[in-house]
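Heads up, the thing below is written out as structure tokens.
No lab work stands behind these numbers, since they all come straight from the coordinates. Remember, predicted model here, so these are calculated numbers, not experimental data. Don't worry about glycine lacking a Cβ; one is built from the backbone with ideal geometry, like all the others, and counts go over all protein chains shown.
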Amino acid sequence: MTKSRQTFSSRIATIITMIGISVGLGNVWRFPYMMGEYGGSAFLFVYLLFTILFAVPAVMAEWALGRATRQGPIGAFTAMWGKKTGLIIGCILLLTVLVAESYYIFVIANIGYTTVFSTVNGFDSSNITVYNTYLNNPYLQYAICILLLFLSYIVITRGLKKGMESISKIFVPFFLIVMLFLIVFALNLEGTYENLINFLKPKFSDLEATHIFAALGQSFFSLGLGGTFLIVFGSYIRDDENLSKSSIFVAFGDVSAAIMAGLFIVPTVLALNLDMSQGPGLLFATLPELFQRLPYGQIIGSLFLFALLAVTFISSLAAIEVLLAGIGDSIVKKLNRNKLTLYITLGIAIILIPIALDPSIIGILDLVFGSGMQVLGSLLAILAIAWGQKRAKMLKSVFGAETKSWHTLYYYWVKFFLPAVLLTVFVGYIISKI
């Protein structure tokens, strides 16, 4: 699989696809409820600051590691730290992706079911019980997961350009158009402006250490940092691509999507006096009630859910592509792409069985394989690119032949300061969960 490495067709294709990968549950589901729980606009300000100072440099580093090695996680870490260490780290991170994809696709199945239910029936007091009954039916939700895996197999086996790149060019603009329409609708609800202005007044005195950790975690979570996704898709970026410019465009698109989701969900939830701090339950608990009470709620709800389903499906495809590249580059090189994709989807289907039977374990799995391992994986990737090469080679991996005075600052920032910040956050995260 490494002899004829796929590449994106253009910079625009790179940016659109990477935005599609980044925009998903992290932005549309996670960001609004985190704003509600962790201080409103004060959280937003810290999140934006961390995205600029930490997440964007980390994106550049992970992309550079992938592009320099043209390998998945195992091959990339092996190139920097040797075969034994690279194999151990790469396998652990790929296992993380495998488990995370298994519960992630279960949540997407819930979204798919909710989308169809909203489109066919809408939400009202007479059918909420029916909706919840089938939402909690493990056999139905598992069947939807299998359908999603089948669709994933079809897209992935078409290759990068005809598969993920093609559907990203359709789904990402569709998501953008739908969200802009929904924002206009939300801002025209009675009482919206007063509630929104009050919510957006920053209260920095209320910020706690937990909120700051959450903001940094969100900036990394939403951009897909973690030593896996960006390494693999970095290996598909052409040598003449300017990583610094592309990373800024992707971060801007990612942050914009999060803010757009917030500008729809936050004003509508506040205007209808619903609970903004429900946490992860916001999507499946609050939103059906929201659509039930909104004017034209069935149409608005269906549009929102279709847009959410589209971008979350891209993120799910990206996880399978990461597993495909990671395993195919280093473990089973002789197995063709179609067969390996089939085996990976079958593996996910098996892991899905206990998740479908007991969805409550998703919280525990996300705790271990989502938030915690994501920060650790990104820390390892940054250490690999910054400490596994000499300065000149590292800067060439990131910036090519171009040399500017600020590149040296970037080198020291990524080599010393960024790992220290990530290590602090990771340790703080562990302490907070003990």
Likely footprinting exposure, C145, C91, fewest C-beta neighbours within 10 Å first: C91, C145
DSSP-loop trypsin sites (Lys or Arg not before Pro) across the stretch 336-424, with at most 11 other Cβ within 10 angstrom: K390, K404
Most to least packed among 126-138, 99-111, 54-66 [average Cβ atoms within 10 Å]: 54-66, 99-111, 126-138
Net dipole in debye of the chain [+1 Lys, Arg Cβ; -1 Asp, Glu Cβ; about Cα centre; nearest 20]: 2080 debye
Sites I350 and K393 - FRET efficiency at Förster radius 60 Å, r taken between beta-carbons, to 0.05: 0.90
Calculated [θ] (222 nm, deg cm²/dmol) that DSSP helices of n ≥ 4 give over the chain, each run adding -39,500 (n - 2.57): -23500 deg cm²/dmol
Cut-off 12 Å (backbone N to label point 7 Å along Cα→Cβ of H407), residues of the stretch 235-249: 243-244
Listed values [x] 90, 54, 40; [y] 63, 50, 44; [z] 72, 46, 41, entry calculated as Cα extents along the principal axes in Å: [y]
Mean Cβ count within 10 Å, highest first, over the residues of peptides 81-87, 326-332: 326-332, 81-87
Whole-Å distance, taken between Cα centres, linking the stretch 21-71 and the stretch 94-127: 23 Å
Using alpha-carbon coordinates, inclination of helix 56-69 to the longest axis of the chain, degrees: 50 degrees
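Can you compute the FRET efficiency between I331 and R238 using 1/(1 + (r/R0)^6), with r the Cβ-Cβ distance and R0 = 22 Å? Round to the nearest 0.05. Write down the numbers at each step before the final one.
Values: r = 26 Å, r/R0 = 1.18.
Efficiency computed from Cβ-Cβ geometry: 0.25.
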HN-Hα J in Hz across the stretch 321-336 - Karplus 6.51, -1.76, 1.60, θ = phi - 60°, x for Gly and Pro: 4, 4, 5, 4, 5, x, 6, x, 6, 10, 10, 10, 5, 7, 7, 6
